[in-house]
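To keep things clear, I will list the structure first and then write my remarks on it.
Here, each number is a calculation from the coordinates, and none is a lab measurement. No experiment lies behind these values; they were computed from the predicted model shown. Quick reminder, even Gly has a Cβ in these numbers, built from the backbone with ideal geometry, and neighbours come from all protein chains shown.
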Amino acid sequence: MNPKIYIGLSVVFVASLVAAAFLHFFSVSVVGDLAAIPAILVLFGALFQLSRDSIAYDRSVRLEEARNRFTIGATSHMAIVAFDKHVGFCEEYTKAVDSALETLFRRGPNEDVLDNADTLSTIRTKWTLWLTPEVEDGLVKFEGALRTIGAQAWLLGELRANDDRADAIKQAYGTFAAVLGWETWRGEAVTRDLAAERIVEGLRNVLGIKQLTHLRAELVKRALDNLKNG
């Protein structure tokens with residue numbers, strides 16, 4: 001609200017009425033009527049300005065409420081604790097994912113990857129309170145893929161030379177290709193949902209790494225711009 005606008009409108013309104021009354025007093029009615037026109041226009045202008053100020057005030061109130069909700073949500077004790085827990089979980093789980101990939105890179109499909117799957121499952125269970133169902137579902141599928149690789153690799157080691165090994169090989173190596181993020185295996189398209197890189201990217205999304213990095217870059221840019229302009 002700008003008081004100067006209303007003061008100006010008031011001055012014009014009073015001046016117009018005084019002029020109209022003065023001219024009517026001296027029987028100059030036509031000119032007096034014309035002199036009253038600014039007063040009428042001022043009334044419309046005042047109503048328009050009041051409407052604008054009311055809209056601007058309502059908008060500022062909504063923005064302030066939204067800002068307060070954001071501040072309370074982002075800086076509350078629970079929000080800080082939850083973020084710290086997410087950081088701890090993501091770091092521990094990502095380290096275990098890297099260990100599983102190392103096992104697969106070094107030895108290919110093998111039964112020892114079952115231990116990696118158990119480690120990942122133990123970590124997820126420990127932090128399950130802080131995980132959303134959507135995140136946990138993706139992790140369970142990834143751990144299941146590792147178990148499929150390990151179980152089928154163990155089965156291949158137990159089968160005799162004359163046993164049918166085709167299905168075990170397909171499951172072990174097909175899932176192996178999916179976890180490593182291959183696009184195809186033996187000419188067939190491989191699902192990308194089980195790729196380890198997708199799991200790590202999902203954990204980054206949990207922490208909002210991309211948004212935080214963008215925000216930091218924007219803040220640094222603004223700070224540099226202020227220094228240059230200062």
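A few notes on this one:
- Length-normalised contact order of segment 77-212 in % [C-alpha pairs under 8 Å, at least 6 apart]: 24
- Quarter of Cα convex hull surface for segment 72-160, i.e. mean projection, nm²: 6.2
- Loop-located GluC sites (Glu not before Pro) in segment 126-193 (DSSP state other than H, G, I, E, B) with a sparse environment of at most 16 neighbouring Cβ atoms within 10 Å: E183.
- Under the combined filter of DSSP loop state and at most 15 neighbouring Cβ atoms within 10 Å, segment 111-219 retains these trypsin sites (Lys or Arg not before Pro): R160, R165, R186, R192.
- Annotation: amide H of W185 within the under-5 Å range of V190, sequence separation 5 or more or interchain, hydrogens built in the peptide plane.
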